[in-house]
Each structure stands twice: as C-alpha cells, then as structure tokens.
Amino acid sequence: VCAAFAADPRDLQRAKTKVPRAGWKGSDFDSMSQVLNGHMQKMFPKTKPCQEWTAKELQDYQEVLYGHRHADFDSIYSSTSDNRRFRHPSIEEHKNHWARANKYVEEYPHLRDMHRDGHCHEAVMWLVHHVPAPEQQTVFAQMPAPLLSTKRHIYDPISMGKHQEIVNLYKTQITCAECHSGTGMLFQDWADIPGIIPEDPKHPGWARQRRCDQNYEPACGPCDGIGGPYWGDEVDHFQPTNCEVVALPEDVPEAERGSPQFAEQFIVHQLGSDRLIRTQNAAKFAVYSQIRSTLWYDFLAEQDGTAKLRHDTFYDDLGYRWLDNGLVTEIHTQTKEQRSANITGPMVSMLHGLLGWGQYMGGLTCLADPVGVPVLGGKVTTLGVEHSAFLEGADYLGRIKIGVEYDGFKLGDKGHGDMKAKRNMTVDHYIKWFLHVYVDADPTSPTYRQPVRFYGPYSGFAVYVKFDKTVPPAEVWDHVCPDNGWGEEESKPIHPCKGKKILDYKAMIVEKAHPEVCDFLQNKTIQDVEGLSSNHIRGNFGSFFAPEMSNQAIVV
C-alpha cells in the first residue's frame, strides 16, 4: 500500500531539491540534529525523544510510514542515487534486514544505542521525505514522531571489523548529515539560493546557457548550463559555445557513459577564467581574469598519511600579470588522521609578486583549510562515516557535441590561447549542484573517457589542454617555484625563487582558531600579526590574503 493520488507539486519540487535551505542546516552533526528537531517539534504536535524509543518500536513506526509513502518521491531519489532513496525495494526486505540486525544486537547489547539512534534518523527521513504533506498533517500528527539523536556514534576500525553489519546499517541511516550539516555544500548567498538569471530578449537562450543548476525547474537539458569563458556577471559577459544534442540520457546506457570521476593521481594543465570574489550567485562586485593553471593532485598519498593538492595559477589580465606574471599558488594537505576526525589541515597560499618582500606583505600565508583536499575519485571515511567522491550522485544530462575552446593550443605555446578557436567534441555532460563536468565520449579520441572541460557560472571555467595520469613530483609539495609546465623563465628577478623551499620564507599565520595546523612552517609568526587584519581573496583556481595595513595599498 502506498499513496496513489498525484503528489503535490511543492512536495515534488522539494524531492528534486538536493540542497537544504539555510534554516535546515547545522554546522556539525550535533547542531544539525538540534536544528532539525526544532523543525520536527513545530511540524508535529506530538514528538518523543529518541532515547525513549526502542529499535523495535521505531521499526514498527517505519512500517506504518512505508504504507503511506508516495512512490514518485523514491523514483526521483533513486534516479540520481540520492541518499534519501529506500535501501531495499520492499518493506519485507527492510524487515528481514532489521530482524538480522535485532538478533545481532541482542548478542552484543553495547550496540543497542547506536542501533536505535540510526533508526531515529532513518524514521525522520522517511516521514519528511517519503510521506506526502497531507498524510504528515493528518495521519502522523495523531501519533508521536521520533526526534533525532544528537550523538554521532564513532567506532574504531577494530570495532567496526567485529560489528560491520550494524555499523554499515548505522552509516546508511545517518546520511542526512551529508546535506544538512557542514559536510554538505554551503551557500554564500542565502537570500537568493536559486540565483536564476532572467532571460535577456537581446540574447535569447543565453541565460540558461550561462547558468542552470541541478535543482532548477524545468530541469536542465543536455545543452543547458554549458557556459564558456567569462569576464563579468552579466548574462552577456561570457562567450557562448555551440551545442548539439547527440543522445538524451535515456538513450545512453550507463555502462557506455564516461564516468565523471578523476584519477587519484594526476597533473593537469588548463586554460580558462576565474572569479576572485567567489559567491554562488551574481555579486555587486566581482573580479575576473583569464587564467593559465597547473593542478597537481595526489590522493593515493593518503594511504601513506597525507592527501595533497596544489594549484599554480597565472592571472593573465593586465591588472595582474605585471606582478610576477600574476602567479598565485595554493597548496592543500590533509593527513588521513585529520580527514578521519573531520579536520581539514592547512592551506598555504603564495602571492608570488609579494613573496620575498617581507613577512607581512602577504606573500606567504597559512590558515586552516576551509574545505580540505577534495575527493575526486573513490570514497573516504570521516567520523566513522563513509563519504563518496565529490561527483558521486551527479546527474547525467546526456551526450552532446560542443565547441571546446582554445583549439590548437599546446602546452609551451606563448600567450593564453584563443578562446574563440573551437574544436567540436562529443562529450558526456554531468551536473552536480551548480558545477558541470564534460567527459570525452569519442572512442577515437586520445582523451576518451577523461574529463576535458569544467564549468561553474561564478566559480571557474577550465579546458584541460593536457591531462597526465601520473604521480606529481615530490618537489611540488615543498618548493616555491617547481616546473609548472608554462616555461622555465624566472618570474622573480629581484627575489629569485628557483630551487628555494617554502620553509626558506617567513610565513604570516592568519589562522586564529586553529593556528596549530600551520606549526610545520618553521619561520612562522603569530603574535606579531594578531592585530593585523586581512582580506581573503578567493578564486576557484587560487586564493591569497591581502593584508590591510595603514598608509599602504597593495594593488594586484
């Protein structure tokens, strides 16, 4: 039995929306649970704390919920591997799975709280995301609804190995934390989450090409959101590209699609655009530049203790390139222990034009990384819970033929390339949140099944002109100016950097909450900069700190 009437369009829209609103999120697991419990108490007149339930009572409650589900919701969740989907195709299979878990917990009673708390989270998710609003406000308003447990149960690998089935069940039951807590995506502009660009009659169709997010209605088509190089926030401040639909998603079997995952070790050289004042929507003030960039990535290193990512980005617009060719470096590192404990590790930034001119000029800065090293392939465990790669759960929009920019540019060529020179490529188009990735779908291409293009409406655009699945050289992680592939010309004639290590320079520690993450920098100074404020100028391919000092102005 399930609800057979047509679902309310508002419920369907909420089911298609993957990112919760600000008022439904918390900074961590505990605050998330408290926030959502507050909403539960407003929505349902009868609630009961999680610790007042037994796992069996919650399972009986979930069986009732399942009988009032609306099948359209789970169809939406299952089509995109959404964590809100049912884990089994029938209530009988759920009950069989629960019965095995109950028997196991009887043998190991110390697991009882974790088992119950997981069911509290799952029951609330079923109630809110699978039961239509009319049933919520009638049938389930007459009976107690469970509240969430604020405790996140963590078991060490030895304990997990002994009780793997119960731990795995718990991990699938609390996946709400991936979106409702700090582990999910955070918006910068909560006042206008969709950020839909209005159509401009002078440029018909450009608005949907400039921006189309995963939760938009109508849903994005194969040629929506493909964007191109840009230089401003206006709808006409970008260069559209040609697009032709080759096949719709339903016409391309999943096994024949290129995966939107990256290798776990690679070096990529890219051309594109960056926006240094980064928000998810248009801003009153934004700084753009065309860029050349090298990205080194080594996630396999996490097996030995540390995952690593480095960007070297040349900001090529006239306002920047006079300052040591506009070169900015950003290095992210994160040990396996830090990731397991949800600690991001340090982010080191180098503004090369100011490096060597004094510690307080902001040439070398360090802070606690806002996000850590992104997981571009595979899975990781954080706080005892397994998380998928960044692009896991992306929507497949279809196979298209588009004009990929900078055709003919080869690494080593002078200049930035020609954004108007395009090569038609057949690619698979994926979207997650507001980010789009394009994977080569031509079996005759040398880059077949590799990502070749990336686009975010205000968070960076890149074409991968050279992509090597190889281990980055060791010097990348501790040298100031390793060979980044864009030429050996010394870019710091007054303060040469070739052969020098990062530890040869004094760093300004701008991190106040957790300065210990920067302890590896030998020549750091913290006390001297406690009264010194700074601006975090952040782009998709690089960021830096510009100190605010009296009687001085830094122009970059």
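The values are calculated or read from the model by the stated rules, or taken from the named source; none is laboratory data. Since the structure is predicted, the reported quantities are computational estimates derived from the model, not experimental observations. Every residue, glycine among them, receives a Cβ derived from its backbone with ideal geometry; neighbour counts consider all protein chains shown. Calculation scope for accessible area: heavy atoms of the full protein, side chains included, ligands and nucleic acids excluded. Shrake-Rupley method; radii C 1.70, N 1.55, O 1.52, S 1.80 Å.
For segment 439-457, what are the residues that are among the aromatic types (Phe, Trp, Tyr) and buried (at least 24 other Cβ atoms within 10 Å of the Cβ)? Let's see the steps before the verdict.
Here is the first cut: in segment 439-457, the ones among the aromatic types (Phe, Trp, Tyr) are 448, 454-455.
Tyr455, the sole residue that qualifies.
Six or more apart or on different chains, Cβ under 8 Å: which pairs go from a residue in segment 135-160 that's basic (Lys, Arg) to one that's modelled with pLDDT of 85 or more and not in a loop (DSSP other than H, G, I, E, B)? Could you list them?
The qualifying pairs are Lys151/Asp113; Lys151/Asp117.
What number of residues within segment 458-469 are open to solvent by 60 Å² or more (accessible area, probe 1.4 Å) and part of a loop (DSSP other than H, G, I, E, B)? Don't jump to the end; show me each part of the working.
Step one: of segment 458-469, the residues open to solvent by 60 Å² or more (accessible area, probe 1.4 Å) are 466, 469.
Going one step further and asking which of them are part of a loop (DSSP other than H, G, I, E, B), we end up with 469.
Total meeting the criteria: 1.
The rows are residues; the columns are (1) surrounded by 18 or more Cβ atoms within 10 Å (Cβ to Cβ); (2) more than 22 Å from Pro218 (Cα to Cα); (3) at pLDDT below 90; (4) over 26 Å from the mean Cα position of the chain (by Cα).
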| position | (1), (2), (3), (4) |
| --- | --- |
| Gly398 | yes, no, no, no |
| Val404 | yes, yes, no, no |
| Asp407 | no, yes, no, yes |
| Ala421 | no, yes, no, yes |
| Ile431 | yes, no, no, no |
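Determine whether segment 61-73 contains at least one residue that is open to solvent by 10 Å² or more (accessible area, probe 1.4 Å), of a type in the set (Gly, Ala, Ser), farther than 27 Å from Asp8 by Cα and not in a loop (DSSP other than H, G, I, E, B).
Looking for residues that are open to solvent by 10 Å² or more (accessible area, probe 1.4 Å), of a type in the set (Gly, Ala, Ser), farther than 27 Å from Asp8 by Cα and not in a loop (DSSP other than H, G, I, E, B), one finds none in segment 61-73, hence no.
Within the bounds of segment 314-335, is there any residue that is over 27 Å from Lys498 (Cβ atoms) and not in a loop (DSSP other than H, G, I, E, B)? I'd like the intermediate steps shown before the answer.
Pass one, segment 314-335, residues over 27 Å from Lys498 (Cβ atoms): 334-335.
Okay, now just the ones that are also not in a loop (DSSP other than H, G, I, E, B), so 334-335.
Checked against the condition, which is being over 27 Å from Lys498 (Cβ atoms) and not in a loop (DSSP other than H, G, I, E, B), segment 314-335 yields at least one hit.
Of everything in segment 263-300, what is in contact with a Lys or Arg (Cβ under 9 Å, 6 or more places away or on another chain), open to solvent by less than 40 Å² (accessible area, probe 1.4 Å) and of a type in the set (A, V, I, L, M, F, W, C)? Give them in sequence order.
Ala263, Phe266, Ile267, Val268, Leu271, Leu276, Ala283, Ala286, Val287, Leu295, Trp296, Phe299
Among the residues of segment 409-422, which ones are touching a Gly at 6+ places or on another chain (Cβ under 7 Å) and not small (Gly, Ala, Ser)?
The initial filter retains those residues of segment 409-422 that are touching a Gly at 6+ places or on another chain (Cβ under 7 Å), namely 409, 411, 421-422.
Result: Phe409, Leu411, Lys422.
Being surrounded by fewer than 18 Cβ atoms within 10 Å (Cβ to Cβ) and in a helix (DSSP H, G or I) is the filter here, so list the residues in segment 103-134 that pass it. Break it down stepwise before answering.
First, pick out the residues of segment 103-134 that are surrounded by fewer than 18 Cβ atoms within 10 Å (Cβ to Cβ): 103-104, 106-110, 112-113, 133-134.
Those that are surrounded by fewer than 18 Cβ atoms within 10 Å (Cβ to Cβ) and in a helix (DSSP H, G or I): Lys103, Tyr104, Glu106, Glu107, Pro109, His110, Arg112, Asp113, Ala133, Pro134.
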